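Notes follow once the structure below has been shown.
The values are calculated or read from the model by the stated rules, or taken from the named source; none is laboratory data. All figures in this text were calculated on a predicted structure; none of them were measured in a lab. FYI the Cβ positions are ideal-geometry reconstructions off the backbone, even for glycines, and counts take in every protein chain you see. All accessible areas refer to the heavy atoms of the entire protein, side chains included, with ligands and DNA or RNA removed. Shrake-Rupley method; radii C 1.70, N 1.55, O 1.52, S 1.80 Å.
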Amino acid sequence: MIGNLAGEPHRPGRIEVVCGSMFSGKTEELIRRLKRAKFAKQKVEIFKPTIDTRYSDADVVSHDQNAIPSTPVEHSSAILLLSADIEVVGIDEAQFMDEGLVDVCNELANRGVRVIVAGLDMDFRGKPFGPMPALCAIADDVTKVHAICVKCGNLAYVSHRLVPGDKRVLLGETQEYEPLCRECYKAAVGGEE
């Protein structure tokens with residue numbers, strides 16, 4: 001904490017976004033940052049959408065099985081209610097949250113809270129996903145992480161869906177998705193785009 005001109009304690013709030021395709025290490029990076037904040041004895045609270053039950057109903061879990069306890073929420077407004085007196089707020093799988101998440105993150109940062117958000121920036125069609133584009137626009141810091149294309153070894157661009165269907169939200173892993181670079185993605189979808 002730093003003092004303002006009147007000598008009152010003030011925490012500079014900020015919004016940090018970690019985005020990229022599936023298998024790029026977004027949740028791993030979120031967990032790393034949150035564990036560092038906990039080690040520094042900061043008050044930390046982690047949230048995720050209730051829809052994300054792949055590895056755990058409550059914990060945020062990476063593909064490598066690293067985990068951190070979290071609070072599942074149905075709507076972004078619950079984050080404001082549950083984060084009073086918190087110094088660092090983490091939010092995983094933000095693409096599944098409602099558009100109100102942008103205002104929630106802004107309000108928290110304006111209160112002096114460090115907000116760390118992780119999520120897919122694009123869906124399986126390569127289109128901007130949920131509130132992530134707006135969060136990237138208002139963030140103080142954006143970290144784009146990349147998986148490796150499973151076809152050619154270049155940096156991945158998108159999470160290519162391997163199973164049929166047009167439903168935008170389909171929870172899955174390596175059986176349902178693969179990270180592909182732009183060229184391999186174009187080859188995989190052919191004229192579908």
Note down the Stokes-Einstein diffusion coefficient of segment 67-112 in µm²/s, whole number, using a Kirkwood radius over alpha carbon pairs, 25 °C, and 0.890 mPa s.
220 µm²/s
Under a plain spin-label model, where a point goes 7 Å from the Cα along Cα-to-Cβ, how far apart in nm are Ala84 and Asp103?
2.0 nm
A 1.4 Å probe over the protein heavy atoms gives segment 70-193 a carbon and sulfur accessible-area percentage of 52 percent
What are the lysines whose alpha-carbon lies under 24 Å from the alpha-carbon of Lys43, with same-chain residues fewer than 8 places away excluded?
Lys26, Lys35
Lys151: which lysines have alpha carbons under 17 Å from its alpha carbon, excluding same-chain residues fewer than 8 sequence positions away?
Lys186
Rounded to the nearest 10 Å², the 1.4 Å probe accessible area of His160 is 30 Å²
